[in-house]
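To keep things clear, I will list the structure first and then write my remarks on it.
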Amino acid sequence: MKTVNAVATFVSLIAVLHLSPAPQVSAVATASAAGSCPAFLNQEYRKLHSSDSVNLCTLVAGKPMLIVNTASHCGFTPQFKGLEEAYEKYKARGLVVVGFSSDDFNQEAKDEAEAATMCFINYGVKFTMLAPQHVKGPEANTVFKELARQTQEPQWNFNKYLVAADGTVAQYFDSRVAPDSRQFNEAVEKLLK
């Protein structure tokens, strides 16, 4: 029992450290970012296994982004490793990576602590991960409704959307296109030019 409690405490601590809020941004900077940000990104979402929230416009601040729907118990879950590598490779050039945890395909962890363990401990994810929510159908969140309108809704976990700073989807990839593939990296390079 002590081991289980110690692991739960460790996962909570890692999530808190990893997801601690960024330094406060001035109201003027936030308003400026929100004013030039597409409406579908001007949304608040709670971070995975945290009480902290993030506004995507503030997070993105006019940069291109990669949006991906994730699940902890999927055959594509090892793509977390490639997503983290892509984040590390391209973040200095402005790419923001955001993972939307979802159980729409019935493969997410039973609770957020387990999902956080999978992301942060097992795969070393440092990019922004959001709490579980709907990414398809009539209950899809605002971001995924717009992504579906521009391209298509996710057909499975680990669908990837490269989004330009103006909110236009530059490229959509289904689950089978790995984030370490040549096709994916060429699209990111093109977006970041």
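No value in this document is a laboratory result; all are computed from the given coordinates. None of these values were measured; they are calculated from a predicted model. Here Cβ is always computed from backbone atoms with ideal geometry, including for glycine, and neighbour counts include all displayed protein chains.
Looking only at region 146-162, count every residue that is out of contact with any strand residue (DSSP E or B) (no Cβ under 8 Å at 6 or more places or on another chain) and either buried (at least 18 other Cβ atoms within 10 Å of the Cβ) or part of a loop (DSSP other than H, G, I, E, B) (or both) and tell me the total. Before you say what the answer is, go through the steps one by one.
Here is the first cut: in region 146-162, the ones out of contact with any strand residue (DSSP E or B) (no Cβ under 8 Å at 6 or more places or on another chain) are 146, 148-149, 153, 155-156.
Then keep just the ones that are either buried (at least 18 other Cβ atoms within 10 Å of the Cβ) or part of a loop (DSSP other than H, G, I, E, B) (or both); that gives 146, 148, 153, 155-156.
Residues in region 146-162 being out of contact with any strand residue (DSSP E or B) (no Cβ under 8 Å at 6 or more places or on another chain) and either buried (at least 18 other Cβ atoms within 10 Å of the Cβ) or part of a loop (DSSP other than H, G, I, E, B) (or both): 5 in total.
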Handout entry: Filter result (touching a residue at least 60 places away in the same chain (Cβ under 8 Å) and in contact with a His (Cβ under 7 Å, 6 or more places away or on another chain)) within region 127-167
Key = Asn141
Practice task
Select from region 35-81 the residues that are touching a Lys or Arg at 6+ places or on another chain (Cβ under 7 Å) and among the β-branched types (Val, Ile, Thr) and write down the one among them that is nearest to Lys190 (Cα to Cα).
Solution key: Val68
Problem - Criterion violated by Arg93 - all others in (1) surrounded by fewer than 16 Cβ atoms within 10 Å (Cβ to Cβ); (2) farther than 24 Å from Thr168 by Cβ satisfied - result: (2)
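Sort out for me the strands (runs of 3 or more DSSP E) sitting completely within region 39-84 that have 1 or more residues that are under 14 Å from Ala116 (Cα atoms) and of a type outside the set (A, V, I, L, M, F, W, C). First the steps, then the outcome.
Details: elements: 44-46, 53-55, 65-70.
It comes to 44-46, 65-70.
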Exercise for the section: Kindly indicate which of Lys110, Lys160, Lys145 is more than 17 Å from Ser53 (Cα to Cα), among the charged types (D, E, K, R) and under 13 Å from the mean Cα position of the chain (by Cα). Expected result: Lys160
